[in-house]
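Asks: Before I ask anything, let me first share the structure, which is written out below as structure tokens.
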Amino acid sequence: MTSTVARGLAAALRRHGVSDVFGQSLPSLFFLATPEESIRQIVYRTENAGGAMADGYARVSGKVGVVAAQNGPAATLLVPPLAEAFKVSVPVIAIVQEVPQAARDRNAFQELDHVKLFAACAKAIHRIDDPARVDDYVDAAVTEATSGRPGPVVLLVPKDVLAAPLPVASSRRAGYGHFPLDRYLPGAEQIKHVADLLASAERPLVVAGGGVHVSGAAPELHDMQQLAALPVATTPMGKGTVDETDPLSVGVIGYAMGDYAATHYARPLVADADVIVFVGTRTNENATDAWRLFPPTATYVHIDMDPVEVGRNYEAVRLVGDAKLTLRAIVDQLKSSPLDTREAARDQVIAQIAQARIKHEQRIGPRATADGSPIRPERIMKELDALLTPDTIVVADASYSSIWMSNYLRAQRGGQRFLSPRGLAGLGWGLPMAIGAKAAGPNSPVVAVVGDGGFAHCWSELETAVRMNLPLTVIVLNNAILGYQKHSELHQFAEHTTAIDITRIDHAAIAAACGARGVRVDVADDLAGAFRDAMGSSAVTVIDVVTAADAFPPISAWDDDPTLSELTAGVAL
């Protein structure tokens, strides 16, 4: 094994800082070689989940995530998580075994055109056919994944090539596995122009997206916020980029700013803004409430590493570059700028945000303290929020769970991670993404919030967490319906399909069957104790919470919908 392509592949990845690969034995020669390079195999049960694990791992670690799979059907299951990573700029390398070269294009067992398969969800696709070029292709894959706008890259390796001898030993030493690999800065004149706009703005607003996390720019965002008394809101993907307990932090804005939303009463800060700065956001549909949220009269500034995203949906002053460097340059320029206008507005901005928070607390209070059974999600989130620490990592599935998390859990520091698969919003990735996050941050408490519909997609991965000794807490919102689908159909068509109602499953029993702790909660007063015990435990714990079926989060478009109002008339509060 010391001189094969498989060993060379493992060694090249280790050189780039890879210490963990998500896999299920295949390619076998590769995983037989990884222990020699001190690379741990984290064994998933399905490739779909394995890709989500690599995604969560990369988001938390700041290093490229790596997942491996067999050719054919296994490879096809990597498409959804790679598409998610592609959308949200997360660097993941997929190592995919191919049929032996001599069998190519002969209808070999599980042969498939992987280049066509991955063409729409990868930045690049490489095939290692020449044993002498292992380092070339690994370096290319890692560099492409972590540079520019990060994203997934696929590395195809024929089975026979893995067994081939390496012609020469590698002499390379460079490692490119962290991201962003290269940071670049807009011109000084552009920086000064934006600093002048902010210094003189009467009603500015900063909107931070997931790119701030990708860049590690939370400290610079905080400094700009405090120096110029800037209200900072985030997109759902940007949640955690600022401390949401700070008096200048608005919270998550977008399509879920309805009557009971945490930022509902902060809408004037958005509607009246005269200068809006987007940082690391795609200005996508959900973050902009279908492009209706932001005022057409504002002057826009857009900071992003991808020149195509800058100004895509809002004509803007273009700042193409790394968010961390760009924000730091703006801060440095602001320090020499007259900030009288911003300083004079500080107390008013803080008071406006504080009043919005007070109104929200009064509005949500009855729901957040409700004792009824089944339990309201707002009560579940309130009890969980009270136990979070600045180091807690929270992961939510793509459906309602991510909206409950965004609205009712608060980031306690800039840079705290709240992960959700909102690039394509694929259901079922909450648990595997949490497993990847725990593998990357073993010393941080990790909590996954999932619905019973999404949890069913990947509950087999509980065994992965148990086997790999990755203790985390999984809170299942067990309402026995596909809630988002039901309410969306009712909103659009005033009726729903027959697929909505599902069996109320005992997820605590499933947990126990997998070797995890299982707890079932159907009384609100038992939530705090169950959460506290689970988050302090060294075991994988599933808390199955019997949840009110027709409670739904504050999606703006659903306010005053008579069909939904009638539906929820019987739900407590």
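Asks: Go through the range 210-229 and give me each residue that's under 15 Å from D347 (Cα atoms) and either free of Cβ contacts under 8 Å to residues at least 60 places away in the same chain or crowded, with 23+ Cβ neighbours inside 10 Å (or both).
Replies: The answer is Q225, Q226, A228.
Asks: Could you list, in sequence order, the residues of the range 232-249 that are of a type in the set (V, I, T) and closer than 18 Å to P553 by Cβ?
Replies: Result: T234, T235.
Asks: Within the range 512-530, restricting attention to residues that are of a type outside the set (K, R) and out of contact with any helix residue (DSSP H, G or I) (no Cβ under 6 Å at 6 or more places or on another chain), which residue is surrounded by the most Cβ atoms within 10 Å (Cβ to Cβ)?
Replies: A530
Asks: Further question on the same structure: Just checking, does the range 265-272 include any residue being of a type in the set (G, A, S), part of a loop (DSSP other than H, G, I, E, B) and modelled with pLDDT of 95 or more?
Replies: no
Asks: Still on this model: Looking at this structure, is V115 of a type outside the set (G, A, S), touching a residue at least 24 places away in the same chain (Cβ under 8 Å) and touching a His at 6+ places or on another chain (Cβ under 6 Å)?
Replies: No; evaluated as a whole, the condition is false for this residue.
Asks: Looking at the range 402-427 only, could you name the residues that are touching a helix residue (DSSP H, G or I) at 6+ places or on another chain (Cβ under 6 Å), open to solvent by less than 10 Å² (accessible area, probe 1.4 Å) and either aliphatic (A, V, I, L, M) or within 17 Å of I543 (Cα to Cα) (or both)?
Replies: Residues satisfying the conditions are W404, L409, L419.
Asks: Now a separate question. Please report, ordered by residue number, the helices (runs of 4 or more DSSP H) entirely within the range 116-230 with at least 1 residues that are modelled with pLDDT of 95 or more, more than 25 Å from the chain's Cα centre (by Cα) and polar (S, T, N, Q).
Replies: Helices (runs of 4 or more DSSP H) meeting the threshold: 188-200, 218-227.
Asks: Further question: Any residue that is open to solvent by 10 Å² or more (accessible area, probe 1.4 Å), part of a loop (DSSP other than H, G, I, E, B) and either under 21 Å from F531 (Cβ atoms) or touching a Phe, Trp or Tyr at 6+ places or on another chain (Cβ under 8 Å) (or both) - is there at least one of those in the range 344-367?
Replies: no
Asks: Would you be able to tell me the number of residues in the range 317-361 that are of a type in the set (G, A, S) and within 32 Å of the chain's Cα centre (by Cα)?
Replies: Going through the range 317-361 one residue at a time, the tally reaches 6.
One line per residue, one yes/no per condition, for (1) under 17 Å from A368 (Cα atoms); (2) at pLDDT 95 or above; (3) touching a His at 6+ places or on another chain (Cβ under 9 Å):
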{"site": "H507", "(1), (2), (3)": "no, yes, no"}
{"site": "I510", "(1), (2), (3)": "no, yes, no"}
{"site": "V521", "(1), (2), (3)": "yes, yes, no"}
{"site": "A528", "(1), (2), (3)": "yes, yes, no"}
{"site": "D533", "(1), (2), (3)": "no, yes, no"}
{"site": "A539", "(1), (2), (3)": "no, yes, no"}
{"site": "D550", "(1), (2), (3)": "yes, no, yes"}
{"site": "A557", "(1), (2), (3)": "no, no, yes"}
{"site": "D561", "(1), (2), (3)": "no, no, yes"}
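Asks: So which residues in the range 280-310 are closer than 19 Å to R328 by Cα, of a type in the set (V, I, T) and assigned to a strand (DSSP E or B)?
Replies: Passing the criteria: V301, I303.
Asks: Criterion first (surrounded by fewer than 24 Cβ atoms within 10 Å (Cβ to Cβ) and at positive phi) does A494 satisfy it?
Replies: yes
Asks: All but one of (1) open to solvent by less than 60 Å² (accessible area, probe 1.4 Å); (2) aliphatic (A, V, I, L, M); (3) touching a residue at least 12 places away in the same chain (Cβ under 8 Å) hold for A108, so report the exception by its number.
Replies: (3)
Asks: I'd like the full set of residues that are open to solvent by 10 Å² or more (accessible area, probe 1.4 Å) and in contact with a Lys or Arg (Cβ under 9 Å, 6 or more places away or on another chain), limited to the range 41-56.
Replies: Residue satisfying the conditions is V43 alone.
Asks: Turning to a different aspect of this structure: Take P81 and tell me if it is open to solvent by less than 10 Å² (accessible area, probe 1.4 Å), in a loop (DSSP other than H, G, I, E, B) and under 24 Å from S19 (Cβ atoms).
Replies: Judged against the criteria, P81 is not a match.
The values are calculated or read from the model by the stated rules, or taken from the named source; none is laboratory data. No experiment lies behind these values; they were computed from the predicted model shown. Every residue, glycine among them, receives a Cβ derived from its backbone with ideal geometry; neighbour counts consider all protein chains shown. We work out accessible area using only protein heavy atoms, side chains counted, and drop any ligands, DNA or RNA first. Shrake-Rupley method; radii C 1.70, N 1.55, O 1.52, S 1.80 Å.
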